[in-house]
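Beneath this line is the structure, given in structure tokens, with notes to follow.
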Amino acid sequence: MAKVKPFRGIRPPRDLVEKVESRPYDVLSSEEARSEAGDNEMSLYHIIKPEINFPEGTSEYDPRVYESAAEQFHKFLEKCWLVQDAQECYYLYAQTMNGKTQYGLVIGAYVDDYLSGVIKKHELTRADKEEDRMKHVRVNNANIEPVFFAYPDDPALLALINRYAQTVPEYDFVAPVDGFRHQFWVISDAADIQTITSEFAQMPSLYIADGHHRSAAAALVGAEKAKQNPQHRGDEEYNYFMAVAFPASQLTILDYNRVVRDLNGLSPEGFLQKLEENFEVEKKGAAIYKPQRLHEFSLYLGGEWYALRAKPGTYDDSDPIGVLDVSISSQHILDEILGIKDLRRSDRIDFVGGLRGLEELKRRVDSGEMAMALALYPVTMKQIMDIADSGKIMPPKATWFEPKLRSGLVIHSLD
């Protein structure tokens, strides 16, 4: 069962939150972070993208860059741009995109739950990316940015969330880049804190939606600190890491699409002919065509859109991985026809998050940069949870959650 706890959050005063808050570190480049921070010395980018504190071209992995993150964090604390709450709290964080709101509870998630598999993952992590995030957690002795969790819908938590949502939030702003609304409440009432703790304690699993590397890094640093402490008791703050947990039914997963540089030596006609072995191919014309259901794909090639429908026998309904559209397209299009065996490392393929729309796929093909584009129907949260429950791993670049969590609303200290 899941173990969670409240914590003394470190966060900006209400009048400074829009100066401090930022996009997450991994959704923008160093150049974009430098531009967005501008001359705002309160921007969290000085902590989460600390290479912007150095001349352009400085590696984000330079040891001085990590040290700069810690220096900036201390500076924010000294100047009271960030202030620690006096008591342990949970927090409620709402995001509104296109008129739809999702409500996440900000919790301290238990390191041992990650290590034992109570907190379930659906993606592989890379050791180099884990180490980068571990260095950032170590040097700051804090989880500066949260991880994105999903949990099975819970009526008692939903009632609590709905009650808080009727009150005036601590923060309420529209982010300048994504245009989405972000609201934030402090949950300090003892009875409400107990309700949250006890309801999570009845859940057999929590699910990482986004932030697998942050989760791994936070848990590994927590375990590392436990080993280094001869007086380790198990209730220290480093035994927990910060996550925002949303009811699974509220989450929005967008399509995660593919663009490919070449047709592996085939002509467009030859490529379409190969596709007909495993797909029903229907020409749709020049107007953008979006997949309408599972096992249907949209292909953009030579100025035309095509609907591709996977034929029976190309997937196994009893296999939670094989039934995924990312698996069908990877096996029968990218691998068998185009010869792309490793999606993580091939430089012939790129991936486009669904928020950019199918117009972005069309643009990249029409520009001549790419030869073809493939749009997929979005993965469902049920599919993700079924795969995580089975202990299996999803193919790479399968999920795109939106909206992304804003960083800087609250920070979790490991002390």
Quiz item: In this structure, is LEU343 within 23 Å of the chain's Cα centre (by Cα), open to solvent by 10 Å² or more (accessible area, probe 1.4 Å) and touching a residue at least 24 places away in the same chain (Cβ under 8 Å)?
Solution: yes
Practice problem: Could you run through region 377-415 and say how many residues are closer than 26 Å to SER22 by Cβ and not in a loop (DSSP other than H, G, I, E, B)? | Solution: 6
Self-check item: Within region 17-70, helices (runs of 4 or more DSSP H) holding 2 or more residues that are in contact with a Pro (Cβ under 8 Å, 6 or more places away or on another chain) and among the aliphatic types (A, V, I, L, M)
Solution: none
Self-check item: Of all residues in region 196-214 being modelled with pLDDT of 95 or more, part of a loop (DSSP other than H, G, I, E, B) and of a type in the set (Gly, Ala, Ser), the one that is least open to solvent (accessible area, probe 1.4 Å)
Solution: SER205
Exercise. Considering (1) within 20 Å of ILE411 (Cα to Cα); (2) free of Cβ contacts under 8 Å to residues at least 40 places away in the same chain, say which one ALA127 fails and leave the rest.
Key: (1)
Quiz item: Considering ASP26, ASP15, ASP62, which residue is farther than 21 Å from TYR171 by Cα, out of contact with any strand residue (DSSP E or B) (no Cβ under 8 Å at 6 or more places or on another chain) and open to solvent by 70 Å² or more (accessible area, probe 1.4 Å)?
Solution: ASP26
Quiz prompt | Residue within region 61-77 that is touching a residue at least 40 places away in the same chain (Cβ under 8 Å), of a type outside the set (D, E, K, R) and under 30 Å from LEU157 (Cα atoms) present | solution = no
Quiz item: Does region 243-262 contain at least one residue that is at pLDDT 95 or above, over 30 Å from PHE200 (Cα atoms) and not in a strand (DSSP E or B)?
Solution: yes
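A quick yes/no check of all residues on (1) in contact with a Cys (Cβ under 9 Å, 6 or more places away or on another chain); (2) more than 21 Å from PRO403 (Cα to Cα):
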{"site": "LEU92", "(1), (2)": "no, no"}
{"site": "TYR110", "(1), (2)": "no, yes"}
{"site": "TYR114", "(1), (2)": "no, yes"}
{"site": "LYS129", "(1), (2)": "no, yes"}
{"site": "GLU145", "(1), (2)": "no, no"}
{"site": "GLN166", "(1), (2)": "no, yes"}
{"site": "PHE180", "(1), (2)": "no, no"}
{"site": "SER188", "(1), (2)": "yes, yes"}
Quiz prompt | Test for ASP386: is it touching a residue at least 60 places away in the same chain (Cβ under 8 Å) and out of contact with any helix residue (DSSP H, G or I) (no Cβ under 6 Å at 6 or more places or on another chain) | solution = yes
Quiz item: What do you reckon, is VAL27 at pLDDT below 95 and at negative phi?
Solution: yes
Practice problem: May I ask you to list the residues in region 168-184 that are over 23 Å from ALA37 (Cα atoms) and in contact with a strand residue (DSSP E or B) (Cβ under 7 Å, 6 or more places away or on another chain)? | Solution: PRO169, GLU170
Quiz item: Are there any pairs, at least 6 apart or on different chains, whose C-beta atoms fall under 7 Å, with the first in region 309-328 and within 18 Å of GLY391 (Cα to Cα) and the second open to solvent by 50 Å² or more (accessible area, probe 1.4 Å) and not in a loop (DSSP other than H, G, I, E, B), and if so, which?
Solution: PRO320/ASP386; PRO320/SER390
Exercise. Examine region 296-303 for a residue that is closer than 30 Å to GLY391 by Cβ, part of a strand (DSSP E or B) and in contact (Cβ under 8 Å) with a residue 40 or more places away in the chain, and state whether such a residue exists.
Key: yes
Quiz item: In the list ALA218, ALA248, ALA287, which residue meets the criterion of being in contact with a strand residue (DSSP E or B) (Cβ under 9 Å, 6 or more places away or on another chain), buried (at least 22 other Cβ atoms within 10 Å of the Cβ) and of a type in the set (A, V, I, L, M)?
Solution: ALA218
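The values are calculated or read from the model by the stated rules, or taken from the named source; none is laboratory data. Just so it is clear, the model here is predicted, and its values are computed rather than measured. Heads up, the Cβs are rebuilt from the backbone with ideal geometry, glycines too, and the neighbour counts pull from every protein chain shown. Just the protein is used for accessible areas: all its heavy atoms, side chains included, with ligands, DNA and RNA removed. Shrake-Rupley method; radii C 1.70, N 1.55, O 1.52, S 1.80 Å.
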